[in-house]
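The values are calculated or read from the model by the stated rules, or taken from the named source; none is laboratory data. Since this is a predicted model, take the numbers as computed values, not measurements. Backbone-built Cβ (ideal geometry, glycine too); neighbour counts: all protein chains shown. With ligands, DNA and RNA removed, areas are computed over all heavy atoms of the protein, side chains included. Shrake-Rupley method; radii C 1.70, N 1.55, O 1.52, S 1.80 Å.
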Amino acid sequence: MASDTHTLEADLLDRVAAAPDLQALEAERVAVLGKQGAVTALLKSLGGMTPEQRQVEGPRIHALREAVTEAIAARKATLEAAELDRRLATETLDMTLPVEMGPQGSVHPVSQVMDELAEIFADLGFSVATGPEIEDDWRNFTALNIPESHPARAMHDTFYFPRPEGGGDAALDPGFATNAARMLLRTHTSPVQIRTMQAQQPPIYIIAPGRTYRSDSDATHTPMFHQVEGLVLDRGIHLGHLKWTLETFLKAFFERDDIVLRLRPSYFPFTEPSAEVDVGYTMVGGRRVLGGSDGWMELLGSGMVHPRVIAACGLDPDEWQGFAFGCGIDRLAMLKYGMDDLRAFFDGDLRWLKHYGFSALDVPTLSGGVGA
Ligand code: PHE
């Protein structure tokens, strides 16, 4: 019997060692240790032995099972390691090959222009600020020197939210009058001026791109549109800084040196003086091309921040002065990339997006061209 177990053990170990792959090894395991397995049968035979026989055979059979189990585990580890080596050797990636990724989808022109703005203004020392699209009446109007009765409110076609029960939500900001706490969809990005001045000490150099809303819809107006706000607040800031900043921005944005600006006196309640900024264009083959000054088109609103606005934010207008501007991003995109219907921006038509969209891999940089 003793020599039997020895021969069997030698035989089983040989078979385990010879298993060519993980599948064959598993078959061996089942044949030896499975329910109908050879070693399992031996273990079962212990039941029919006399106690004396069992005392001798028991430890032998258990040792045999142990030895085979260990051999299987060892062989398994070897085969797995070999399999991994084989995969590592065959599955190579050549990192020097050009990327052959056909990106699905594209970057929307509005996002592209926002990235371009951030890139250009970062170079001038501006950071990007944001604010909520659901804004309170006070920040959207009152703090911007547009009091309750001001006719400018009518110009904004505001989407108001229903008043909360009981008139106003004083908990929102205990200082707000009932109407000031009324919520609305911001009609411009100018409330981000207020938020920024409330939150940080000057000097402030920010742009704030984002969504804005007015109840208006035709070929050149959509109820949701995009604006970028600019705000500078520092000591000794004057109109010359505003003009230089806008000129530098627009030259970089349209990637032309012959951009000419015209500042036209205008009126905004939150700036004094205020200026509408026109950009010059040239007629080329019946098309308007920016640059030169054959004609002018209106591009943005701007001015020196009104002292009342600075004071509303708790800052001293005698110490801090600044300029602000607000510009339609959709219009910037249309002028730069030649789209003519604003509504197409928001239709989500894949063919339009394929045609006008940008590759996710082309990141705007000043050196590589912001509109690359
Ligand atoms: N908020 C103004 C608008 O939406 C634009 C503007 C911004 C004008 C900042 C002057 C200064 O029309």
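So how many residues does region 232-244 have that are more than 15 Å from the ligand (Cβ to nearest atom) and open to solvent by 70 Å² or more (accessible area, probe 1.4 Å)? I'd like the intermediate steps shown before the answer.
Taking region 232-244 and keeping what is more than 15 Å from the ligand (Cβ to nearest atom), we get 234-236, 238, 240, 244.
Going one step further and asking which of them are open to solvent by 70 Å² or more (accessible area, probe 1.4 Å), we end up with 235, 238, 244.
Residues that pass the stated criteria total 3.
Only one of Met297, Met304 is modelled with pLDDT under 95 and either part of a strand (DSSP E or B) or open to solvent by less than 70 Å² (accessible area, probe 1.4 Å) (or both). Can you tell me which?
Met297
For the structure I just gave you, tell me whether Gly292 is outside any strand (DSSP E or B) and on the phi > 0 side of the Ramachandran plot.
Numbers: outside any strand (DSSP E or B): yes; on the phi > 0 side of the Ramachandran plot: yes.
Answer is yes for this residue.
Determine, yes or no, whether Gly314 is part of a loop (DSSP other than H, G, I, E, B) and over 21 Å from Ser190 (Cα atoms).
Numbers: part of a loop (DSSP other than H, G, I, E, B): yes; over 21 Å from Ser190 (Cα atoms): no.
When the stated conditions are applied, Gly314 does not pass them.
Just the residues that are open to solvent by 90 Å² or more (accessible area, probe 1.4 Å) and either part of a loop (DSSP other than H, G, I, E, B) or among the charged types (D, E, K, R) (or both), please, taken from region 30-68.
Result: Lys35, Gln36, Lys44, Glu52, Arg54, Arg65, Glu66.
So which of Glu247, Glu229 ends up being surrounded by fewer than 19 Cβ atoms within 10 Å (Cβ to Cβ) and within 14 Å of Phe121 (Cβ to Cβ)?
Just one listed residue meets the conditions, Glu247.
Check Glu272, Glu276 and return the single one that is within 10 Å of the ligand (Cβ to nearest atom), in a strand (DSSP E or B) and either in contact (Cβ under 8 Å) with a residue 40 or more places away in the chain or assigned by TED's automatic domain parsing to the domain that holds Arg139 (or both).
Step by step, each of Glu272, Glu276 is checked, and only Glu276 is within 10 Å of the ligand (Cβ to nearest atom), in a strand (DSSP E or B) and either in contact (Cβ under 8 Å) with a residue 40 or more places away in the chain or assigned by TED's automatic domain parsing to the domain that holds Arg139 (or both).
Identify, please: which residue in region 319-336 is over 19 Å from Gln193 (Cβ atoms) and surrounded by fewer than 23 Cβ atoms within 10 Å (Cβ to Cβ) and is, among those, farthest from the ligand (Cβ to nearest atom)? Explain how you work it out, then say what you get.
Pass one, region 319-336, residues over 19 Å from Gln193 (Cβ atoms): 330-336.
Filter once more, keeping what is surrounded by fewer than 23 Cβ atoms within 10 Å (Cβ to Cβ): 330-331, 334-336.
Working: Asp330: 13, Arg331: 12, Met334: 17, Leu335: 17, Lys336: 20 Å.
For region 319-336, the residue satisfying everything is Lys336.
Of all residues in region 337-356, count the ones that are open to solvent by less than 40 Å² (accessible area, probe 1.4 Å) and modelled with pLDDT of 90 or more. Show your work before the answer.
Filtering region 337-356 for residues open to solvent by less than 40 Å² (accessible area, probe 1.4 Å) gives 339, 342, 344-345, 352-353.
Next, from what is left, pick out any that are modelled with pLDDT of 90 or more: 344-345, 352-353.
Selection size over region 337-356: 4.
Working only within region 224-250, note down all residues that are aliphatic (A, V, I, L, M) and part of a strand (DSSP E or B).
If the condition is that a residue be aliphatic (A, V, I, L, M) and part of a strand (DSSP E or B), then Met224, Val228, Leu231, Val232, Leu233 are the ones that fit.
Could you please give the count of residues in region 341-372 that are free of Cβ contacts under 8 Å to residues at least 40 places away in the same chain and among the basic types (Lys, Arg)?
Counting residues in region 341-372 that are free of Cβ contacts under 8 Å to residues at least 40 places away in the same chain and among the basic types (Lys, Arg) gives 1.
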